[in-house]
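Below: the structure, in structure tokens.
The values are calculated or read from the model by the stated rules, or taken from the named source; none is laboratory data. Note that this is a predicted model, so its numbers are computed, not measured. Cβ placement follows ideal geometry from the backbone for every residue including glycine, while neighbour counts extend to all protein chains displayed.
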Amino acid sequence: MISIRRLTMNDFSLYQQMQTGMNNDYMLTVFERLVTPPANYLYGLFDDDILASVAGYTYFPGGNAMLGRLRSDKQFRQLGYSTQLLHYLVDTVKQDPSVKFIGGYTQIDNTPAKKILTKLGMKHIDTYHSFPAVNLKPLITDQILWDEITDYDEKRQALQSLTNRGVASFPYEAYYPFPLTENLIPAEKLRVMRLFKSPLTGHCLFVDNDYKGEALLNIRYVHDDLFTTPGLFFTIDQLLKHEPDRLPWFNFSLTQYQKLTDKDCFRLEPGWELHGTFI
């Protein structure tokens, strides 16, 4: 008999017994956080008493929810359990009146996951090539330092200008982009997020500290001139001057990525796609 229910820490041993085929599953180290409301929820699909498939979702500001943490036991694959579980999650999230958008973020070459997202009614929204730089020096061609904007209202206006110019999405955190709306970045996050403006072009650079298994400086720069605009890489390098262990994490658009030539400066990773549906 097939059943679906929300998982708790009492189910950790069942998850440990799943044969997912993954050598290094980060969920084993953060399982408690992933099953702890109100931000995170994890569900399991059971075939009789065996945990066959796992998936969950996380709430983010602005009425956003992101599906993820999809895992399945090898003996139950090709049975449609993952799709069945995700349909259940989407129906569950849709019952929450505060949710305006449900998304899924998957690697470009993960065709099975993309097929599932299509079955869930989700459409492609944006593409990212996100990974850290390991050596900024070859990218620094000048010493033009961008101006930091600290006024809250000016930072909010800068975000709004991105919305006005039709920017499709904005990385709330590393691996978590969402459609850019005025409610995506709440006041408390915007206050700690740092904004730098080019003295030559007026283009804006948004950064804040992040952690995804390692300390990151999450970088958002949406313009196509990323590799040619004066001072950008010098400014980022100066921000990290006293934090040698914090890596600059870039969120390249497809156009930006196609202009990347100094690939040895980065720890390249496969590209990702944001899919989603508005409620």
Checklist entry - Taking Ile185, is it outside any strand (DSSP E or B), touching a helix residue (DSSP H, G or I) at 6+ places or on another chain (Cβ under 9 Å), surrounded by 16 or more Cβ atoms within 10 Å (Cβ to Cβ) and at negative phi? => result yes
Checklist entry - Any idea how many residues of the range 38-52 are hydroxyl-bearing (Ser, Thr, Tyr) and within 15 Å of Thr83 (Cβ to Cβ)? => result 1
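This table checks each residue for (1) closer than 18 Å to Thr106 by Cα; (2) within 18 Å of the chain's Cα centre (by Cα); (3) buried (at least 19 other Cβ atoms within 10 Å of the Cβ); (4) without any contact (Cβ under 8 Å) to a residue 24 or more places away in the chain.
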residue: Leu45; (1), (2), (3), (4): no, no, yes, no
residue: Met66; (1), (2), (3), (4): yes, yes, yes, no
residue: Arg69; (1), (2), (3), (4): yes, yes, yes, no
residue: Ser72; (1), (2), (3), (4): yes, no, yes, no
residue: Gln75; (1), (2), (3), (4): no, no, no, no
residue: Gln78; (1), (2), (3), (4): no, no, no, yes
residue: Thr83; (1), (2), (3), (4): yes, no, no, no
Next on the checklist: If I go through the range 112-157 residue by residue, how many of them are touching a Phe, Trp or Tyr at 6+ places or on another chain (Cβ under 8 Å) and of a type in the set (Gly, Ala, Ser)?
Outcome noted: 2
Checklist entry - Within the set of pairs 6 or more residues apart or between chains, which connect a residue that is free of Cβ contacts under 8 Å to residues at least 60 places away in the same chain and in the same structural domain as Gly271 (by TED's automatic domain parsing) inside the range 171-186 to a residue that is charged (D, E, K, R) and surrounded by fewer than 22 Cβ atoms within 10 Å (Cβ to Cβ) with Cβ atoms less than 8 Å apart? => result Glu173/Asp210; Glu173/Lys212
Item to check | Residue ID - surrounded by the fewest Cβ atoms within 10 Å (Cβ to Cβ), chosen from residues in the range 122-176 that are of a type in the set (A, V, I, L, M) and in a strand (DSSP E or B) | outcome: Ile149
Item to check | Filter result for Leu180 (surrounded by 15 or more Cβ atoms within 10 Å (Cβ to Cβ) and modelled with pLDDT of 95 or more) | outcome: yes
Checklist entry - What pairs come up if the first residue lies in the range 146-161 and is under 17 Å from Leu184 (Cα atoms), the second is in a loop (DSSP other than H, G, I, E, B) and aliphatic (A, V, I, L, M), and their beta carbons are under 8 Å apart, counting only those six or more places apart or on different chains? => result Lys155/Met193; Leu159/Leu180; Leu159/Ile185
Next on the checklist: I'm trying to understand the selection: among the residues of the range 200-212, which are assigned to a strand (DSSP E or B) and farther than 25 Å from Gln157 by Cβ?
Outcome noted: Tyr211
Checklist entry - In the range 203-216, is there at least one residue being hydroxyl-bearing (Ser, Thr, Tyr) and under 24 Å from the mean Cα position of the chain (by Cα)? => result yes
Checklist entry - For the range 213-241, what are the residues that are assigned to a loop (DSSP other than H, G, I, E, B), surrounded by 15 or more Cβ atoms within 10 Å (Cβ to Cβ) and of a type outside the set (Val, Ile, Thr)? => result Tyr221, His223, Leu226, Phe227, Pro230, Gly231, Leu240
Item to check | Residues of the range 15-40 satisfying the condition of being at pLDDT 95 or above, polar (S, T, N, Q) and either under 21 Å from the mean Cα position of the chain (by Cα) or not assigned by TED's automatic domain parsing to the domain that holds Phe60 (or both) | outcome: Thr36, Asn40
Next on the checklist: Out of everything in the range 220-279 that is touching a residue at least 40 places away in the same chain (Cβ under 8 Å) and of a type in the set (Lys, Arg), what residue ends up being nearest to Leu145 (Cα to Cα)?
Outcome noted: Arg220
Checklist outcome for this item: Going through the range 1-36 in order, the residues found to be under 23 Å from Gln84 (Cβ atoms), of a type in the set (Phe, Trp, Tyr) and either in contact (Cβ under 8 Å) with a residue 24 or more places away in the chain or not in a helix (DSSP H, G or I) (or both) are Tyr15
Checklist entry - Any residue at all in the range 144-166 that is touching a Cys at 6+ places or on another chain (Cβ under 8 Å), modelled with pLDDT of 95 or more and among the polar types (S, T, N, Q)? => result yes
